[in-house]
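Below: the structure, in structure tokens.
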Amino acid sequence: MVTTERIAKLIDEFRYDSIPPRGVEQAKAAVIDAAGVSLLGSREKTGKALLKHIGAGESEEARVWGTGARVSLRNAVLANSACVHMMDYDNGGSLGHPGCILIPAALGLAEKYKLTGKQIIEAYAVAYELGFKLRESLGDIQMGAGWHATSLLGPICVAALSSKLMGLDVRRTRMALAIAAPMGGGLLQSFGTDAKILQVARAAENGLLAALLAVEGCEGDPCIFEESKGFYYVYGQAQSSIKLLTANFGKPPALAAERGHFKQWACCGGNYEALSILYDMLGEGEIPPEDITRIVAATSMEPPGPVIRPHPRTPMEGRFSLPYNIASCLIDRAVDLSAFTDEKYNRPAVHELMGRIEVIWHPECAGKPARLQGESRFVEITIYMRDGRVLRKRQDAADRKQLTAGQVYDKFADIARSIGKDETNIRQTVDLVRTFESCADAKQLVDLICSGD
């Protein structure tokens with residue numbers, strides 16, 4: 001049995017009962033997280049622009065969250081994926097940003113077919129597993145060559161999720177994967193622009209399309225992963241190990257074993273080590289920005305890493321700028337949603353402080369292969385004060401600040417209140433997701449998300 005067939009069989013055989021309780025809780029947190037951040041994203045200019053051009057009213061298959069607009073299933077997945085990822089406030093782990101591509105597809109299919117919450121958790125877990133194994137087995141695809149992992153791997157993972165939810169057999173699941181594999185793309189250079197949002201959203205739509213076409217009998221190369229010009233040769237090449245894709249698949253599921261990342265700050269995760277340090281330092285005492293002479297941020301990954309905008313030109317680029325996040329945090333003593341508005345971004349004090357920030361490659365890591373840089377990822381911040389004090393702290397990525405699965409429900413509630421959702425709706429939504437494994441019709445969640453829109 002070749003790898004493409006084997007992975008299709010593993011997807012088909014994956015069962016809810018193999019997911020430990022922690023994995024179930026992580027999946028439910030991903031659902032409520034995606035629902036919450038999409039409500040913010042739908043109010044941004046890109047969300048509104050997408051709705052204008054995707055044919056609102058052309059179909060009643062599914063809805064765009066936060067607007068209630070009824071569109072085709074594919075367009076709903078495209079728009080909802082974009083809205084979830086709009087502010088880089090969505091969860092991380094597995095293939096990069098799993099929630100923004102998997103949850104819109106799952107809930108979109110729930111609108112078309114009567115799917116249970118348990119089915120959605122099961123499909124999310126196996127697609128998450130596939131994304132984790134793809135990244136592990138391909139090597140440093142993201143930082144090494146400039147590919148955006150979520151956009152590149154997304155179609156394959158959404159095809160797996162969609163195949164699971166539509167009950168495709170091994171042969172058709174294999175064809176869905178074969179159709180999806182060449183449909184990915186996306187560049188790191190798009191970070192900080194609308195194009196990053198759109199390349200992620202297109203990945204979600206393409207993965208769904210691949211599964212829908214497989215149902216109709218369309219085919220791709222049945223050995224798309226392992227052939228000489230296939231996925232691993234092109235995107236992994238010598239650094240990849242295709243054996244790792246299927247080795248110990250789901251034993252245990254990565255969703256339960258891996259430390260996923262639920263965001264408390266609406267910016268690129270590449271800022272999180274530095275922000276974790278600064279929140280700790282600010283909690284220990286005052287650091288007047290006017291008394292700082294110099295700040296050095298030494299990173300294990302060769303700069304700029306994922307935060308590719310050292311000199312941001314817009315608030316959106318500011319989400320992907322280590323100097324901007326450091327300066328903003330020190331001036332405001334916090335980083336909240338307002339940090340990425342025109343008003344906050346355009347402050348002269350922020351840009352003046354950014355001029356005193358230097359980002360360097362940490363001497364311990366200079367020259368290390370890219371994969372080792374990521375696996376031992378850390379940031380060390382040194383702040384030099386006018387009175388001679390030197391403040392220094394190091395933060396490993398594994399221990400950076402993030403929300404627990406339980407805190408994600410509070411994040412949803414705060415967002416929902418901020419856009420005017422009533423308390424009854426918020427309570428019903430939270431209660432439904434907390435017990436999602438018992439939900440007989442997951443469409444109820446979409447009803448609640450869209451209520452009042």
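The values are calculated or read from the model by the stated rules, or taken from the named source; none is laboratory data. Keep in mind that what you see is a predicted model, and the values were worked out from it rather than measured. Reconstructed Cβ throughout: ideal geometry from the backbone, glycine too, with neighbour counts over all protein chains shown.
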Within segment 44-76, take every residue that is assigned to a loop (DSSP other than H, G, I, E, B) and under 14 Å from ILE449 (Cβ atoms) and give me the one that is modelled with the lowest pLDDT. GLY68
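Yes or no, residue by residue, for (1) within 22 Å of ALA149 (Cβ to Cβ); (2) at pLDDT below 95:
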site	(1), (2)
THR246	yes, no
GLY260	yes, yes
TRP265	yes, no
SER276	no, no
LEU282	no, no
PRO289	no, no
GLU302	yes, yes
Residues PHE249, PHE191, PHE231: which one is in contact with a Cys (Cβ under 8 Å, 6 or more places away or on another chain) and either among the aromatic types (Phe, Trp, Tyr) or buried (at least 20 other Cβ atoms within 10 Å of the Cβ) (or both)? PHE191
Mind telling me which of the residues ARG22, ARG6, ARG43, ARG15 ends up being in contact with an Asp or Glu (Cβ under 8 Å, 6 or more places away or on another chain) and either surrounded by fewer than 17 Cβ atoms within 10 Å (Cβ to Cβ) or over 20 Å from LEU255 (Cβ atoms) (or both)? ARG15
Answer yes or no as to whether LEU51 is in contact with a Lys or Arg (Cβ under 9 Å, 6 or more places away or on another chain), under 18 Å from ALA82 (Cβ atoms), surrounded by 20 or more Cβ atoms within 10 Å (Cβ to Cβ) and assigned by TED's automatic domain parsing to the domain that holds HIS97. no
Among residues belonging to segment 77-99 that are modelled with pLDDT of 95 or more, buried (at least 24 other Cβ atoms within 10 Å of the Cβ) and aliphatic (A, V, I, L, M), point out the one that is nearest to the chain's Cα centre (by Cα). VAL84
Of the numbered conditions (1) over 30 Å from LYS401 (Cβ atoms); (2) surrounded by 21 or more Cβ atoms within 10 Å (Cβ to Cβ), LEU213 fails exactly one; give the number of that condition. (2)
What are the residue pairs meeting all of these: first residue in segment 182-195, first residue assigned by TED's automatic domain parsing to the domain that holds ALA149, second residue buried (at least 16 other Cβ atoms within 10 Å of the Cβ) and acidic (Asp, Glu), Cβ atoms under 8 Å, and 6 or more apart or on different chains? GLY192/GLU317; THR193/GLU317
Residues of segment 377-426 being modelled with pLDDT under 95, exposed (fewer than 12 other Cβ atoms within 10 Å of the Cβ) and among the hydrophobic types (A, V, I, L, M, F, W, C), which ones? ALA398
Selection status of GLY139, surrounded by fewer than 24 Cβ atoms within 10 Å (Cβ to Cβ), out of contact with any Pro (no Cβ under 8 Å at 6 or more places or on another chain), modelled with pLDDT under 95 and not hydrophobic (A, V, I, L, M, F, W, C): yes
Which of the helices (runs of 4 or more DSSP H) found entirely inside segment 100-173 contain at least 1 residues meeting this: within 20 Å of ILE19 (Cβ to Cβ), within 20 Å of the chain's Cα centre (by Cα) and β-branched (Val, Ile, Thr)? 117-138, 149-165
